[in-house]
Amino acid sequence: MRAAHQLTDGEPKVLDDPVIVKLLEPELLQRIRSGTGTLEAPWARRLRSHVVLRSRYAEDCLARAVSHGMRQYVLLGAGLDTFAYRQPAWAQKLRIFEVDHPASQQAKRASLQAAGVEIPSNLEFAAIDFESIALREGLLASSLDLTQPAFFSCLGVLVYLTEEAADALFALVASLPAPSELVFTFSPPESSLEAREAQGRASLAAVMEKLGEPWRTHFEPAVLVENLYRMGFSEVEILSQEQTGNYFAGRSDGLRAPSHGRIARAVVGSEPSR
């Protein structure tokens, strides 16, 4: 989806990601460039807009946090995220941690090596299988300093975790010093969706289950916000339709803002505001 945004969508890019194009197979890149097939279907374009928006929003929030002194960035379920390999000058102050399943991480590192993409000196890989080890325990094996603030991103991941694992993530970030921050995506229960969205999500969920990655956990937005405040976060925000639309204003390529992207941020303050 991010590669398709680079190759087929117009300017300006919502997310400028030239590195992802280097990591994909030539045959796939050719299919993307042809502008045919499922990647140009309406549902795929809606999903693409969400995928690029969530990364752009997380990186915008990270830039603001770094300007206020943040020095640790943790990508949970990093996948093929390329921030570390295209990092702007301001990010060089960071220690970046990519957290992912060992097998996924090994495959990514092989792709980076094959593409000749250099591993930056401020990046550390943390191989953690969320199914078999607690996140805190896994992070303790890395050089992440849990006595200092950290910025976490968790994009496209929570829906695959158990509710207990998701709550453990929230509790971990909430326990860190202010102004630690978490930007994440979540999926609401089907009962809260409009018919069209529920139908589209059911189709996508069925595909993922066939691939061996069933969707497990959903959050009612209002309940999620209340729970995060109760855990100790001082500021909780779900990206509004107006905010989302600002990222897509003035486009002429037909790429529209996602109508139901659930992207949120939660910030640890010196004292909870609620």
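Quick rundown of the values:
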{"read-out": "For the stretch 61-128 versus the stretch 143-192, the gap between their alpha-carbon centres in whole angstrom", "value": "17"}
{"read-out": "Shape of the stretch 105-147, Cα gyration tensor, a/c cut at 1.5", "value": "oblate"}
{"read-out": "Contour excess over end-to-end distance, with Cα ends at S270 and S104 and 0.36 nm allotted per residue", "value": "56.1 nm"}
{"read-out": "Hits among aspartates and glutamates - C-alpha to C-alpha of K93 under 16 Å, sequence gap 8 or more where chains match", "value": "E59, D60, E124, D145"}
{"read-out": "Normalised contact order of the stretch 29-167, rounded percent, pairs of Cα under 8 Å and 6 or more residues apart", "value": "28"}
{"read-out": "Modelled label reach - W90, point 7 Å along Cα→Cβ, the stretch 42-58 residues with backbone N closer than 20 Å", "value": "52-58"}
{"read-out": "Heavy-atom accessible area per residue - the chain, 1.4 Å, Å²", "value": "49"}
{"read-out": "By average C-beta atoms within 10 angstrom, highest first, the peptides 95-103, 243-251", "value": "95-103, 243-251"}
{"read-out": "Residues D16 and W43, FRET efficiency given R0 of 41 Å [Cβ-Cβ distance, rounded to 0.05]", "value": "0.95"}
{"read-out": "Beta bridges per DSSP with both ends in the chain, % antiparallel, nearest 5", "value": "35"}
{"read-out": "Global geometry of the chain, whether rounded, prolate or oblate, following the gyration tensor of its Cα atoms and the 1.5 cut on a/c", "value": "rounded"}
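The values are calculated or read from the model by the stated rules, or taken from the named source; none is laboratory data. No experiment lies behind these values; they were computed from the predicted model shown. Cβ sites come from the backbone with ideal geometry, for glycine too, and all protein chains shown count toward neighbours. Keep in mind that these areas ignore ligands, DNA and RNA; they rest on the heavy atoms of the full protein, side chains included. Shrake-Rupley method; radii C 1.70, N 1.55, O 1.52, S 1.80 Å.
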